[in-house]
């Protein structure tokens, strides 16, 4: 099965998710700087989630670039990932509205954890589809960043119930880990291009 | 007529439908777990509809994959399908808000029934367009799952007026029937690929 | 300039317009059929606008299919068309909320008139871009349907101030005129395909 | 890395931004012309922002057309641009709701300034990616319009605090400067096409 529509649909859903989050930034009635201040936590949570959804798009893009064959199971693994990503506008809004309180911060972590788990399942599904995807297998390697993220999210969920600001710091730290693009896949692709041109 | 823009437009509309449904999950003001509880039925109905829209995208994807020629009538049959799918966020929200009460559950069934009917009309339209689509005809076969779904939806609409939870169980059952991907089309495509490579 | 991104962007905007209109169908609190009744005019206006936006997508699709070269002026003519289409959710909602009253019905007509004018400008712009588009010129011909629609919309705007239901009938009539796909373009394309294969 | 998905994702996000702005035009309850009057400033700010987002799409389209290689850094520079564009519906709504008052007008300028800066960063990032993009480097030249816009936005932000209407005039003037499509890139592309065909 071709991956064109698979990518197009994922792009569409991720583009909508990243954009409708801004609808949580409700336009205030007054026209002074003070009227904007209550929106600050919502704005900060918007930035965090924008970066996270951007990371997912980026990694999804790289992963699919190294993929050739997509199975029916992968289609559903992808929809499963999109489901958790689609909840990010809600959990982001709740966390922002409640000024990063304990429970909303923990729920945000649950959402990130489930999305990371869904991404891992999708990766597994793509890798085992067929031999065509050996390039992806090589590129992913032991997936240290993916496993580390899951552990950090789980830690943050527990920490959030006591020290929500520490959990926020963990979310920012995980985002920074991923902001560094997935050089593993890039390296393997460059190697492959080198082999093909005889270098 | 090419099918590229046909698929792209359908993907766009389905991607928006599946994503704006989450806007019905209104962010609650309080920051405790109790504040989330009233959202549970809306969340459950969101999951059900997410799966249904995902099934439609999946089957649409498979059906178009086996299609070569698209007539003007098929364009309108497709818009007709998208019309009924576009109402799913509304009927889902109404069902969730009213905790799966009789009438909203029945209306949800009407929506699913009409979408299934529209899908069937689109399938008919694509199959009779030209000889190029004989592959699709072969793949669809007697369309047992399609016919069964229509009967089950009709049953659920009637049952919903008395025992809405039984109707919900039927909706879940139909979703499970379809979650199994349309192997008929996959089989025929694999056969065809086999013929072409001489196996 | 290639037309791929031009089509993709137009598809995206039109897909969003056709889908966010459903957000005007606000989920009612009660769970009975009576609670749905006040939504009936909004629903009827939704159907009308869904058909209109569908017609625009369809015709846009056909027109671009017969186009080869897109000038910078055409990009702006297209954005101008998308601007008027983007207002349809607003004018539709206003007309539905006010049960097809005079002024909202007239404003809806103004919106349709401006969109039709913008479509005509885009068509002109595409036709005069270069000799490559002679196929489109031939296909459009004297554009009788386009001119007739403009006259009918103008009539409906005036009539709406006195007899809004007659104006509604005109809107439905124009939609029916266009529901018949643009066979002119299809004929010319079929002719061209015939020439190329030597028939 | 291919630019197909890069363009598709950008198109999706920009298409959603340009369309959800219309949701700020809340449907009024009354059905008379007087009921529309309070919406006039929101409508005017909608037109201004529609044109600005249209300009960004147009220039993005031209810039990518002259680009061959996209680095990982460019992906993030692009998401950074989309972030600032995604805030335009919010700042537009705030400016319209407050009838072009000082602070909202200044904030709108800050948003335009940051988007222009992000566009400039993306341009830099694309230009230095590799030798393949020399065409883009040649096309952009000294980027007089880009630099002038940044100066004008900065001026407008300061002016807005005293004479908001003068700031509005500056925003309209910058839009007009850009409405003239980026002929620099077009010229270079035409030149290149000429060279290839031996003219």
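The values are calculated or read from the model by the stated rules, or taken from the named source; none is laboratory data. Keep in mind that this is a model prediction, so the values were computed, not measured. We place every Cβ from the backbone using ideal geometry, glycine too, and count neighbours over all the protein chains shown.
Assorted remarks:
- When residues of region A:74-92 are limited to those that are at the interface with chain B (Cβ under 8 Å from one of its Cβ atoms) and in a helix (DSSP H, G or I), the one farthest from residue A:6 (Cα to Cα): A:90
- Looking across A:4, A:30, A:54, one residue alone is facing another protein chain (nearest Cβ under 9 Å), out of contact with any helix residue (DSSP H, G or I) (no Cβ under 8 Å at 6 or more places or on another chain) and at pLDDT 85 or above. It is A:30.
- Scanning region C:153-169 for residues that are closer than 15 Å to residue C:115 by Cβ and surrounded by fewer than 23 Cβ atoms within 10 Å (Cβ to Cβ) gives C:154, C:157.
- Given (1) within 22 Å of residue B:75 (Cα to Cα); (2) in a helix (DSSP H, G or I), number of the condition residue C:23 does not satisfy: (1)
- Residue D:39, sole failed condition from (1) closer than 30 Å to residue C:98 by Cα; (2) in contact with a helix residue (DSSP H, G or I) (Cβ under 6 Å, 6 or more places away or on another chain): (2)
- Filter result for residue C:95 (away from chain B (no Cβ under 14 Å), over 22 Å from residue A:15 (Cβ atoms) and surrounded by fewer than 21 Cβ atoms within 10 Å (Cβ to Cβ)): no
- Subset tally (residues that are facing chain A (nearest Cβ under 8 Å) and outside any helix (DSSP H, G or I)) for region D:100-127: 1
- Selection from region B:18-41 of residues that are farther than 14 Å from residue A:94 by Cβ, free of Cβ contacts under 8 Å to residues at least 60 places away in the same chain and over 17 Å from the mean Cα position of the chain (by Cα): B:40, B:41
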